[in-house]
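Undergrad: One structure follows; several queries about it will come next.
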Amino acid sequence: MKCFVTGASGFIGANLVHELVARGHTVRALLRPGADVRGLEGVEFEPMEGDITDKSEVLARWMEGCDWVFHVAASYALWLPDYRPMYRTNLVGTQKMLKAAATAGVGRFVYTSTVGCIGLPKRGAGGVLVPTDENAPVSEVQMTNHYKRSKWQAEVAAREAAREGVPVVIVNPAAPVGPRDVKPTPTGKVIVDYLNRDMPAFIDTGLNWVHVRDVVIGHILAAEKGRIGERYILGHAEGNWSMQHAFEVLSEITGLPPVRRRVPWQVALAAAHVSEWLSVLDGKPPRAPVAGVRMAKYKMYFNPAKAIHELGMPQTSPRQALADAVEWFRKNGYVRK
């Protein structure tokens, strides 16, 4: 298949390009001017310089002849001095991509959303936290920060386009970890900070940890088998781990001591407010944004059964995902000697 990929220089995007090419597909990748393409080293693709906020007519010309479109590009930040560019990228850019895909007549349009748009887990019998799936009730009111709200609005636009005949399939990645996390992502930075002993304490939160390779294979399977208009959580069935457990596994992998000090959520929130106040004065991003601390109040546990059963999404162990991330960060100079 001939594929068009946005966000190809990002963590998921770069791994997706590598996996597509390894499977014999050809890739046309949209890259912003000056994009950091280190994650794309060693893979052959056709680069296109531009932006998803360009005119939809231009985007449609770039998509001509493509069978599959993977719209991975997004603005991901939990603090910005001005959030208008985030909405322009995440919402307006997605709207333009959908319009362009309809014009170009592509066979499948896979939109990369986030589990932040899925309802949060609730306590079941005995107070046990029950991971949620794609059917969990949720609305825009529950999108408590600009990133989640902009992605929610973009997902609504994708569902509307599907109803209007655009062959859209939505995927909602959990917390991917693994190689080629160039920036790194916030989840990857947790690992880097741990390796550099810059993680003195943690908040009692939890994530659904999943190997980035499984996530990108999930994207490809969504193009092959996904039902139009449906969304699929791309996570691991056994990957709902607390942050404490993740640090214990990292300790087993690396031989470094685990992080044992737990910061009360209220203390972390107060520190985040101070950090953001200082950011207003000096313009530097806060080390712990308020939005991130608020999200950490809840364990982000999800049930990926739909993607596993309908798509056949692979289930590499989260331990292997962390080990591969550690190896990549060490080999690529992210860890101080």
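Undergrad: Let me confirm something: among Val141, Val190, which residue is closer than 21 Å to Trp265 by Cβ and β-branched (Val, Ile, Thr)?
TA: Of the residues listed, the single one that is closer than 21 Å to Trp265 by Cβ and β-branched (Val, Ile, Thr) is Val190.
Undergrad: Can you tell me which of (1) buried (at least 21 other Cβ atoms within 10 Å of the Cβ); (2) over 30 Å from Val21 (Cα atoms) is the one Asn208 doesn't meet?
TA: Of everything listed in (1) buried (at least 21 other Cβ atoms within 10 Å of the Cβ); (2) over 30 Å from Val21 (Cα atoms), Asn208 misses just condition (2).
Undergrad: Restricting to the stretch 89-113, give me the number of residues that are under 23 Å from Pro176 (Cα atoms), surrounded by 22 or more Cβ atoms within 10 Å (Cβ to Cβ) and out of contact with any Gly (no Cβ under 9 Å at 6 or more places or on another chain).
TA: Result for the stretch 89-113: 5.
Undergrad: Of the conditions (1) loosely packed, with under 15 Cβ neighbours inside 10 Å; (2) at pLDDT 85 or above; (3) in a helix (DSSP H, G or I); (4) of a type outside the set (A, V, I, L, M, F, W, C), Gln244 clears all except one; give me its number.
TA: Gln244 satisfies every listed condition except (1).
Undergrad: Sticking with this one: Name the residues in the stretch 1-35 that are in a loop (DSSP other than H, G, I, E, B), of a type outside the set (Lys, Arg) and either touching a strand residue (DSSP E or B) at 6+ places or on another chain (Cβ under 8 Å) or at pLDDT 95 or above (or both), would you?
TA: Passing the criteria: Met1, Gly7, Ala8, Ser9, Gly10, Gly24, His25, Pro33.
Undergrad: Any residue at all in the stretch 182-193 that's within 30 Å of Pro258 (Cα to Cα), in contact with a helix residue (DSSP H, G or I) (Cβ under 6 Å, 6 or more places away or on another chain) and outside any loop (DSSP other than H, G, I, E, B)?
TA: yes
Undergrad: Which of the residues spanning the stretch 250-299 are within 21 Å of the chain's Cα centre (by Cα) and without any contact (Cβ under 8 Å) to a residue 40 or more places away in the chain?
TA: Of everything in the stretch 250-299, those that are within 21 Å of the chain's Cα centre (by Cα) and without any contact (Cβ under 8 Å) to a residue 40 or more places away in the chain turn out to be Arg287, Ala288.
Undergrad: Also, quick follow-up: Pick from the stretch 286-326 the residues that are out of contact with any helix residue (DSSP H, G or I) (no Cβ under 9 Å at 6 or more places or on another chain), in a helix (DSSP H, G or I) and not small (Gly, Ala, Ser): which of them is surrounded by the most Cβ atoms within 10 Å (Cβ to Cβ)?
TA: Ile308
Undergrad: Now, a different point. With respect to Gly283, determine if the residue is surrounded by fewer than 19 Cβ atoms within 10 Å (Cβ to Cβ), at pLDDT below 80 and not hydrophobic (A, V, I, L, M, F, W, C).
TA: The answer is yes for Gly283.
Undergrad: Given Gly126, Gly165, Gly116, which one is surrounded by 14 or more Cβ atoms within 10 Å (Cβ to Cβ) and either of a type outside the set (Val, Ile, Thr) or modelled with pLDDT of 95 or more (or both)?
TA: Checking each option against the conditions leaves just Gly116.
Table: residues versus (1) farther than 17 Å from Arg197 by Cβ; (2) in contact with a Cys (Cβ under 6 Å, 6 or more places away or on another chain); (3) not basic (Lys, Arg).
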position	(1), (2), (3)
Leu250	no, no, yes
Thr254	no, no, yes
Arg261	no, no, no
Val267	yes, no, yes
Ala271	yes, no, yes
Trp277	yes, no, yes
Leu281	yes, no, yes
Lys284	yes, no, no
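Undergrad: Moving on to the next point. Identify, by number, the condition in (1) outside any strand (DSSP E or B); (2) under 19 Å from the mean Cα position of the chain (by Cα); (3) hydrophobic (A, V, I, L, M, F, W, C) that Val166 doesn't meet.
TA: (2)
Undergrad: OK, next. What is the residue count in the stretch 92-138 for residues that are assigned to a helix (DSSP H, G or I) and either without any contact (Cβ under 8 Å) to a residue 24 or more places away in the chain or among the aromatic types (Phe, Trp, Tyr) (or both)?
TA: The number of residues fulfilling the criteria is 3.
The values are calculated or read from the model by the stated rules, or taken from the named source; none is laboratory data. Computed from a predicted structure; not experimentally measured. In this analysis, Cβ positions are derived from the backbone assuming ideal geometry, glycine residues included, and neighbour counts consider all displayed protein chains.
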